[in-house]
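A quick write-up on the structure given underneath.
The values are calculated or read from the model by the stated rules, or taken from the named source; none is laboratory data. Because the structure is a prediction, the values reported are computed rather than measured. So basically every Cβ, Gly included, is an ideal-geometry build from the backbone, and we count neighbours across all protein chains shown. To get the accessible areas, we keep the full protein, side chains included, count just its heavy atoms, and leave off ligands, DNA and RNA. Shrake-Rupley method; radii C 1.70, N 1.55, O 1.52, S 1.80 Å.
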Amino acid sequence: GLVIVTDGVYSVTSPISITKEVAVRSVNGPDVTTLHAGGLCRVLFMAQNDAIFDGFTLTDGYAVNGAGAYMTGGRIESCIIRNNRDNGTGSGAGVWMSLGTLRNCLVTGNRAGAGTWSVGRGGGIALSGGRVENCTVARNATGLSEGGVYKTGGSILNSILYDNSSPASTNINTVTGVTNSCAPELTSGVGNITSNPRFLDSGYGYGYDFLGGNFRLGVGSPCFDAGTNATASTNDLDRRLRPVDGDGDATPSYDMGAYES
């Protein structure tokens, strides 16, 4: 089935649960279509391998593990997952995933370890399986480790993990299964880089207190054309076609992160 959601801010008082084969899409994307949990519950639960959730902002979720989205299957794409928080000692305040695909998403301003600021792993994402593809994970926070991504399985491709905050493993805890991506910790691996991605605006604060931000790539970004074209995605978070020639060498290639140049 197909569910089309028009522009607006929608209150979520119990988690949206996707357990059947369905495509849920907004008309005009996440900048104008928001699902707001009001600090009451998780925003989204995805548990069907063929389900698609496309074009929303998921915000102000509150839960143990995956306050923004909890994934055991399906595909979340072209979403902004921001300012969600874990309510205890869980992991993956923005997204917790064991299967499925997270694609062309901005994960920012999420915090794991709410209330006990010495616990929590994976402020942005906790990944034990599945695939993170062309995502930007920035300005998330934890009290223990992995402000960006706590990875124990799965794969990460064409993504930027930068400007996150935690006492240890600030952006990600391993290079295994990570390719064509950008983070200070990615000192090895195929196509990985450690350079500053040069966001247009990194915003202020970290985790649930994060404000502002524009995570499109600025002039001279090393992430232009640094991804691989081996991906099923043909549009970025702004719904622009990928790839374009961002570095001026006359050969279009995918940019790293959620936004194409």
| Is there a residue being open to solvent by 50 Å² or more (accessible area, probe 1.4 Å) and modelled with pLDDT of 95 or more anywhere in segment 235-246? | no
| message | Please pick out the residue among Ala183, Ala232, Ala226 that is at pLDDT below 90 and of a type in the set (A, V, I, L, M, F, W, C). | response | Ala232
| said: Can you report the number of residues in segment 115-138 which are open to solvent by less than 10 Å² (accessible area, probe 1.4 Å) and modelled with pLDDT under 90? | reply: 1
| message | The conditions are (1) open to solvent by less than 10 Å² (accessible area, probe 1.4 Å); (2) more than 18 Å from the chain's Cα centre (by Cα), and Pro197 fails exactly one of them. Which is it? | response | (2)
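Name the single residue, out of those in segment 206-223 being open to solvent by 60 Å² or more (accessible area, probe 1.4 Å) and modelled with pLDDT under 90, that is nearest to Val137 (Cα to Cα). Let's see the steps before the verdict.
Narrowing segment 206-223 to residues open to solvent by 60 Å² or more (accessible area, probe 1.4 Å): 206, 208-209, 211, 216, 219.
This time we only want the ones that are modelled with pLDDT under 90, so: 208-209.
On the way: Tyr208: 14, Asp209: 16 Å.
Step by step, filter segment 206-223, then rank; the result is Tyr208.
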| query | Quick one: in segment 247-261, which of the residues that are among the hydrophobic types (A, V, I, L, M, F, W, C) and open to solvent by less than 60 Å² (accessible area, probe 1.4 Å) is farthest from Thr194 (Cα to Cα)? | reply | Ala258
| Quick one: Ser188 ticks every box in (1) at pLDDT 95 or above; (2) open to solvent by less than 40 Å² (accessible area, probe 1.4 Å) bar one, so which box is it? | (2)
| remark: Residue hits (segment 142-169; open to solvent by 40 Å² or more (accessible area, probe 1.4 Å) and either hydrophobic (A, V, I, L, M, F, W, C) or closer than 22 Å to Val190 by Cβ (or both)) are Leu144, Tyr150, Thr152, Ala168, Ser169
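I'd like the residue in segment 43-59 that is outside any strand (DSSP E or B) and either farther than 22 Å from Gly113 by Cβ or in contact with a Phe, Trp or Tyr (Cβ under 6 Å, 6 or more places away or on another chain) (or both) and, out of all such residues, is most open to solvent (accessible area, probe 1.4 Å).
Filtering segment 43-59 for residues outside any strand (DSSP E or B) gives 43, 47-51, 55-56.
Within this subset, residues satisfying the condition of being either farther than 22 Å from Gly113 by Cβ or in contact with a Phe, Trp or Tyr (Cβ under 6 Å, 6 or more places away or on another chain) (or both) are 47-51, 55-56.
Details: Ala47: 39, Gln48: 41, Asn49: 112, Asp50: 93, Ala51: 1, Gly55: 0, Phe56: 3 Å².
The qualifying residue most open to solvent (accessible area, probe 1.4 Å) is Asn49.
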| Cβ pairs under 6 Å, 6+ apart, first in segment 189-203 and part of a strand (DSSP E or B), second open to solvent by less than 50 Å² (accessible area, probe 1.4 Å) | Ile193/Cys182; Ile193/Pro222; Phe199/Phe215; Leu200/Asn214; Leu200/Gly218; Asp201/Gly213; Asp201/Asn214
| request: Might you check whether a residue that is of a type in the set (Gly, Ala, Ser), open to solvent by less than 20 Å² (accessible area, probe 1.4 Å), more than 30 Å from Leu144 (Cα to Cα) and within 16 Å of the chain's Cα centre (by Cα) occurs anywhere in segment 23-41? | output: yes
